[in-house]
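The values are calculated or read from the model by the stated rules, or taken from the named source; none is laboratory data. Fair warning: this is a prediction, and the values are worked out from it, not measured in the lab. When we count neighbours, we look across all protein chains shown, and the Cβ atoms used for this are built from the backbone with ideal geometry, even at glycine.
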Amino acid sequence: MDTLGIIFTVILVVALLLVGLYFLGNRLQKKQNESQALIQQNRQTVSAMVIDKKKMKLTESNLPKQAIEGVPFYLKIRKLPMAKVKVGPQFMTLLCDPKVFENLPVKRVVKLEIAGAYIMGFSTAKKGEKIIEKPRKLTFREKLQNRINKTTDAATTTTTTQKANKADGKKAVEAAKKAARDQQRMLTGNAKRSKKNR
């Protein structure tokens, strides 16, 4: 087989893969939109106490078998964010949205927005209470930029303090010279007066 045939075959295989991925992506996007619409229809607000939250596999959780069977196989082996909550007298384990899982307070009563066994959001019921978000992790570039800013700030403050010290030193020297001149004038003035008195 010549090189032109090999190149043509590779290009054909790559093109087929791209077309296949395009159609697969469209199908997955449609499924996600349908499930999102279903979740929005079944959304409700419940007051509950969050007992604990952690990431675990579906097989380790206390979810019903029907719920676990309805989940795709690739999600069964992954660790998912879950929260153990008490709704009224009943204890439940619910799946959590990853963004909600980060800020969900533990051992507190909150109002949860749930759809089936999925926590979509929460709100604290008290007025004036602020939700403190965890600071996000800085990227390497941002850390480096902060270090550069700190060093440049330190350099500028040291130069300004040095300039201020120099200015203060000059003022002190001038004040000392002026005091010496004044003292000299006083001494010469006293000497002239004593000569006049003689």
Does any residue of segment 14-28 turn out to be among the β-branched types (V, I, T) and not assigned by TED's automatic domain parsing to the domain that holds G116? yes
Any hit, segment 64-81, residues being assigned to a loop (DSSP other than H, G, I, E, B), touching a Phe, Trp or Tyr at 6+ places or on another chain (Cβ under 9 Å) and without any contact (Cβ under 8 Å) to a residue 60 or more places away in the chain: no
Taking the residues in segment 1-59 that are under 30 Å from I114 (Cα atoms) and β-branched (V, I, T) as candidates, determine which candidate is surrounded by the fewest Cβ atoms within 10 Å (Cβ to Cβ). T59
Among the residues in segment 83-91, are any part of a helix (DSSP H, G or I), over 31 Å from the mean Cα position of the chain (by Cα) and assigned by TED's automatic domain parsing to the domain that holds A117? no
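Residue-by-condition table, conditions (1) farther than 25 Å from R136 by Cα; (2) modelled with pLDDT of 90 or more:
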residue	(1), (2)
G5	yes, no
Q29	yes, yes
A37	yes, no
D97	no, no
